Amino acid sequence: MKQTILIIGLIITAIATLPVVFSDDDWREYKQLSLGVSAISDPLYKEECGSCHMAYPPGLLPAASWQKMMLGLEDHFGDNAEIAAEDHQLITQFLTKNSADDSSYRRSRRIVNSLKQTDVPLRISATPYFLHEHDEIPDRLVSKNDKVKSFSNCNACHQQAEQGMFDEHSIRIPGHGRWDD
Ligand code: HEC
Ligand code: HEC
C-alpha cells in the first residue's frame, strides 16, 4: 500500500514538473516530430519546385522517389518542369538528404513503412499511408471542390503544410471547415 502511494506521488510530481522541464520550443519540436515532417526552407528549392504547387517537404517521400522524379522533369505529371543542370544537382542533393528514409519524424517513418521495398511512388498522394489517412473524405470536397481540385494541393486543407505540419487542428477544408471524424 505504502509503495503504491509512493509511486502515485512520484507520477504526480513528474507530471507537475513537465512544463518546467519542457519549454514552449521543446513542445513545438515534440509536436512536429510526432505529428508532422521536418520543416525545411531552402530558397532554391522553393523557387524551382514551389511555383506550380506548394514546395512539398522532402520528408514526405523516400529518396528513391525523389531521384526518379528528378530524372523525369521533362514530363512531370504532363508538365515540363526542367531546370538548369547546376540547380538540378543541388535540388536532388537537398531532396535525397532530407527524404523520409531514416527520418526521426513519425509521419515520415509511417509513409516509408507503408511502402513495399520495390515501390517507388512519384506521388505522396498515392502512398498507402496517404490513401489510408484520406479514405473518408468525399470527392465532393476534393476533385469536385473548386478550391481544392486535387489531393496534391495539400495546403488547400492543411494550413501549415509548407511548414511540415499536418496535425488535425490545422485542417480546414474549403467550403466545409474543420474535419471531425
Ligand atoms: C511547371 C509546373 C511544375 C513545376 C515547376 C513543378 N511541378 Fe511538381 N507537379 C506539377 C503538376 C501539374 C503536378 C500534378 C498535380 C495534380 O495532379 O494535381 C505535380 C505534382 C508533383 C508531386 C506529386 C504530388 C502528389 O500528388 O503527391 C510532387 C512530389 C512534385 N510535383 C514535386 C515537384 C518537384 C520536386 C519540383 C521541382 C523539381 C516540381 N514538382 C516542380 C507541376 C509542376
Ligand atoms: C481535401 C483536403 C485535404 C487535402 C487536399 C489533403 N489532406 Fe491530408 N488530411 C485531410 C483530412 C481531413 C485529414 C484527417 C483525416 C481523418 O482524421 O480522418 C488529413 C490527414 C492527413 C495526415 C494525417 C494527420 C494525422 O495527424 O493523423 C497527413 C500526414 C496528411 N493528411 C498529409 C497530407 C499531404 C502530404 C497532402 C498533400 C499531398 C494532403 N494531406 C492533402 C485533408 C486533406
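Coordinate-derived values only; no laboratory data. Just so it is clear, the structure is predicted and the values come from calculations on it, not from any experiment. Methodologically, a virtual Cβ is constructed for each residue, glycine included, from the backbone with ideal geometry; neighbour enumeration extends over all protein chains shown.
Summary table
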| item | result |
| --- | --- |
| Longest DSSP-loop-exposure-free segment, chymotrypsin sites (Phe, Trp or Tyr not before Pro), the chain, at most 16 other Cβ within 10 Å | 78-178 |
| Order by protection proxy (mean Cβ within 10 Å, highest first), peptides 117-124, 152-159 | 152-159, 117-124 |
| Gain on full stretching of the segment that runs from HIS176 to SER34 - 0.36 nm per residue minus C-alpha separation | 48.5 nm |
| Between 0 and 90°, nearest 10: helix 24-35 axis offset from the chain longest Cα axis | 60 |
| Simple spin-label estimate for ALA14 and ASP102 in nanometres, 7 Å along Cα-Cβ | 3.2 |
| Dipole magnitude of the chain, debye to nearest 20 (Cβ charges: Lys/Arg +1, Asp/Glu -1, about Cα centre) | 720 |
| Fully extended contour minus Cα-Cα distance, from ASN113 to ASP24, at 0.36 nm per residue | 29.0 nm |
| Surface/4 estimate of mean projected area, convex hull on alpha-carbon atoms of the range 41-170, nm² | 8.1 |
| Gained length - SER41 relative to ARG140, 0.36 nm times residue gap less alpha-carbon distance | 32.4 nm |
